[in-house]
Amino acid sequence: MAEALFDMSAMDRPRILILGGTTEARQLAEHLAADSGYDAVISLAGRTADPRPQPLPTRVGGFGGAEGLAAFLKAENVALLIDATHPFAARISHNAAAAAEATGTPIFALRRPAWELERGDRWTRVESVAEAVSALGGAPRRVFLAIGRQEAFHFEKAPHHKYVVRSVDPVTPPLALPDVTAILACGPFAEADEIDLFKEHGIDIVVAKNSGGTATYGKIAAARKLGIEVIMVERHKPADVPSVGDCDEALERIHQRLSPVKDRGV
């Protein structure tokens, strides 16, 4: 039998399930962990080998698609579902929307705004990582890949470039490329450090996903400062659910939707 994550002795407290994996999800979890009016749990997909400890009871692993998530929401009597997953985790976001609709569970998304083009930026916008490979062109380049490890394999189709690949966990299997340098690191990354990194490796083009937020924006600011081109993989259309842009807005939405025990005078 799976370990109970929600507090079984506090059935009068509204239950909140956070689908996490982002800085914003952790910030929200910290606030809810300190609020006795809610019974909250955070769920991680399990794609990171050694995730940081969370301030809330934590579930790791998939649910089994929209149907599995719907079953969990119903069995655990979840009062509010919050999708605070990565902006590029499209599948779980759409599964969350479908599960919420199937069970009648209120839902909103905590989605940080995308980065916007600023003066001095040299962006080439593409719709997918596969398209980013083609956008590198035929002439050899020194490429900084900052797209995570899941889709790095696409660049094996362009072995004439030199790559510096940064990810939290190793790319497995290792990329079959003649010239690749792997850097294992977890943000946040400061602009000054990114400038030094780009200079050290002679980077002349960056491939990034438009994740938004501040933790990994340093590479974008550094590229602007150095006049380096950025191939920007844009987000796809998000799941059609109400959304907020930061933790403060999320807390306000929670308080509007759920009345904590302490506010009801119970």
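Think of segment 1-148 as having a plus end and a minus end, set by charges on the Cβ of Lys, Arg, Asp and Glu; of Leu69, His31, Phe88, Phe88 sits farthest toward the positive end of this dipole. In this rough spin-label picture, where each label sits 7 Å from Cα along the Cβ direction, the Lys157-Ala33 distance is 4.2 nm.
Heavy-atom accessible area for Val129, with the other protein chains in place and a 1.4 Å probe, reaches approximately 0 Å². From the Cα gyration tensor of segment 94-212, with a ≥ b ≥ c the square roots of its eigenvalues, which class applies: rounded if a/c is under 1.5, or else prolate if a/b is larger than b/c, or else oblate? Prolate, since a/c reaches 1.5 and a/b exceeds b/c.
Heavy atoms only, 1.4 Å probe, whole protein assembly: order Lys225, Lys162 by accessible area, highest first.
Lys225, Lys162
Taking Cα centre as origin and charging only the Cβ of basic (Lys, Arg, +1) and acidic (Asp, Glu, -1) residues, the dipole magnitude of segment 37-162 rounds to 560 debye. Ranking Asp179, Asp240, Asp196 by solvent-accessible area of protein heavy atoms (1.4 Å probe, all protein chains present), from largest to smallest, gives Asp240, Asp196, Asp179.
Rolling a 1.4 Å probe over the heavy atoms of the protein chains gives the chain an accessible area of 51 Å² per residue.
So who's got an amide H within less than 5 Å of the one on Val60, skipping anything under 5 residues away but keeping other chains? H placed 1.01 Å off N, in plane. Answer set, sorted by chain and number: Leu44. Element breakdown for segment 127-210 at a 1.4 angstrom probe: carbon and sulfur atoms account for 56% of the accessible area. Projected label points at Leu184 and Glu67, each 7 Å from Cα along the beta carbon direction, are separated by 3.8 nanometres. Here Thr181 sits with roughly 60 square angstrom of accessible surface, probe radius 1.4 Å. Over segment 132-266, how many pairs of lysines fall under 24 Å by alpha carbon, counting only those 8 or more apart in sequence or from different chains? For segment 132-266, qualifying lysine pairs total 11.
When a/c reaches 1.5 or more, the comparison of a/b and b/c decides; with that in mind, is segment 221-261 rounded, prolate or oblate per its Cα gyration tensor? Please list the in-between numbers first.
Details: a/c = 7.97, a/b = 2.39, b/c = 3.34.
Oblate is the answer for segment 221-261, as a/c is 1.5 or above yet b/c matches or exceeds a/b.
Look at (i) 6, 27, 35, 24, 7, 0; (ii) 6, 28, 31, 20, 12, 3, 0; (iii) 7, 29, 38, 21, 4, 0: the one that is P(r) over Cα pairs in 10 Å bins from 0, in percent derived from this structure is (ii).
Between amide H atoms placed 1.01 Å from N, distances below 5 Å from Val206 occur with Phe144, Glu229, Val230, Ile231, all of them 5 or more places distant or on a separate chain. Positive end of the dipole of segment 167-232 (Cβ unit charges, origin at the Cα centre): among Leu184, His201, Gly213, the Cα lying farthest that way belongs to Gly213.
Over segment 155-266, what is the relative contact order in whole percent, taking alpha-carbon pairs under 8 Å and six or more residues apart?
Normalised by residue count, the contact order of segment 155-266 is 19 percent.
Segment 151-266 gives an Rg/Rh value of 1.14, both radii derived from C-alpha positions and Rh following Kirkwood. Taking all protein chains as shown and a probe of 1.4 angstrom, Ile183 keeps an accessible surface of around 40 Å².
Across segment 52-58, rounded Karplus estimates of 3J(HN,Hα) from the backbone phi angles (6.51 cos²θ - 1.76 cosθ + 1.60, θ = phi - 60°) give 5, x, 9, x, 10, x, 10 Hz, Gly and Pro being marked x. Ranked by solvent-accessible area (1.4 Å probe, protein heavy atoms only, all chains present), the residues Ser211, Ser36 order from largest to smallest as Ser36, Ser211.
The values are calculated or read from the model by the stated rules, or taken from the named source; none is laboratory data. Since the model is a prediction, treat every value here as computed from it, not as a measurement. Note that each Cβ is placed from the backbone with ideal geometry, even for glycine, and that neighbours are counted across all protein chains shown. Surface areas here come from the heavy atoms of the whole protein model, side chains and all, with no ligands, DNA or RNA. Shrake-Rupley method; radii C 1.70, N 1.55, O 1.52, S 1.80 Å.
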